[in-house]
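Data block below; observations after.
The values are calculated or read from the model by the stated rules, or taken from the named source; none is laboratory data. For clarity, every value in this text was computed on a predicted model and none was experimentally measured. As a convention, Cβ positions derive from the backbone with ideal geometry for all residues, glycine included, and neighbour counts pool all protein chains shown.
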Amino acid sequence: MTYLVFGVRVGIIILSILTVATLMIVDADALTKDEAASQYAQREQAKIKQNDTGVQHPDTKLNVISLDISRTCKLIKSAKCPTINNLIPYDTTNQKYIGKFVDNHRAKSPLKYPSVFYLKANDTIICVACPYDIYIHSKQITVDMPFIYKNNADRTMINNTRDEYHNRYVDNCAYARVAWMPELNVNGTIINLLDDTIQYLKSSCTQTGYNEKVTIQTKPTKHDISTSQAYKTQKWFEEAKKLKTENCIKSTKC
């Protein structure tokens, strides 16, 4: 009876291992066109389901930073936009398990749930064109062309100054949109803005060599009111009031 119980327990353990393996392993072939389109659509749908700032607030349970190209840059060809080949050198994933890069896209991962591979990652992993399962649980950086934006709180001009923000937007230290500027001159120092943003998110948004906030000083415009039609009309009425008692037929004052 003792041996029978032991055998049952061993059988259960083996069955459990086989079940987990069945759940984890899928076909390791490269993505078909339909599968690649589906994976891309999943990431894009996640971006669409965002608030009005364009941020989806990922749960960031993984020590992973996902890099992807903006929808705008995917739709147009511009020297101001990166290509997937520009971003691939940043990738530090284990491509054997997360998916190799084939024909400018990441092939299918052999794991059904590739996020489990990085559940206990100590070092921050950079994942380019991540599988959706990793993407939704990581910090995210969308790389775009140069841009400028304003915050509603900064729209009011104070003392002839106003603030605007250039080429980087960060929300909750979990999502960033950054311009593709590999050689940005910051006060005489050349930095790679994407590199800096990656380090910024790694440091819990405490370390950066870039300040996106730019204060614009506006010189007040001086107007010569004496040239305006309103001023001339006002003066005409003032003179008319002075001459209201004059007989302009006989007087030389009119």
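Note down all Cβ pairs under 9 Å where the first residue falls in the range 58-84 and is more than 21 Å from K139 (Cβ to Cβ), the second is among the aromatic types (F, W, Y) and crowded, with 19+ Cβ neighbours inside 10 Å, and they're at least six residues apart or on different chains.
Taking only residues 6 or more apart or on different chains, the pairs are K80/W180; C81/W180.
With respect to T93, is the statement that it is of a type in the set (V, I, T) and within 30 Å of K219 (Cβ to Cβ) true?
So T93 does not fit the description; no.
For the range 193-221, give me the residue count where each residue is in contact with an Asp or Glu (Cβ under 9 Å, 6 or more places away or on another chain), surrounded by 16 or more Cβ atoms within 10 Å (Cβ to Cβ) and of a type in the set (S, T, N, Q).
1
Determine whether the range 110-128 contains at least one residue that is closer than 27 Å to Y210 by Cβ, modelled with pLDDT of 95 or more and touching a Gly at 6+ places or on another chain (Cβ under 9 Å).
No.
Go through (1) under 22 Å from T72 (Cα atoms); (2) out of contact with any Lys or Arg (no Cβ under 8 Å at 6 or more places or on another chain) for R106 and report which single condition fails.
(2)
T93 is checked against (1) surrounded by fewer than 20 Cβ atoms within 10 Å (Cβ to Cβ); (2) over 20 Å from P182 (Cβ atoms); (3) in contact with a Cys (Cβ under 7 Å, 6 or more places away or on another chain) and fails just one. What number does that condition carry?
Of (1) surrounded by fewer than 20 Cβ atoms within 10 Å (Cβ to Cβ); (2) over 20 Å from P182 (Cβ atoms); (3) in contact with a Cys (Cβ under 7 Å, 6 or more places away or on another chain), only one is false for T93: (1).
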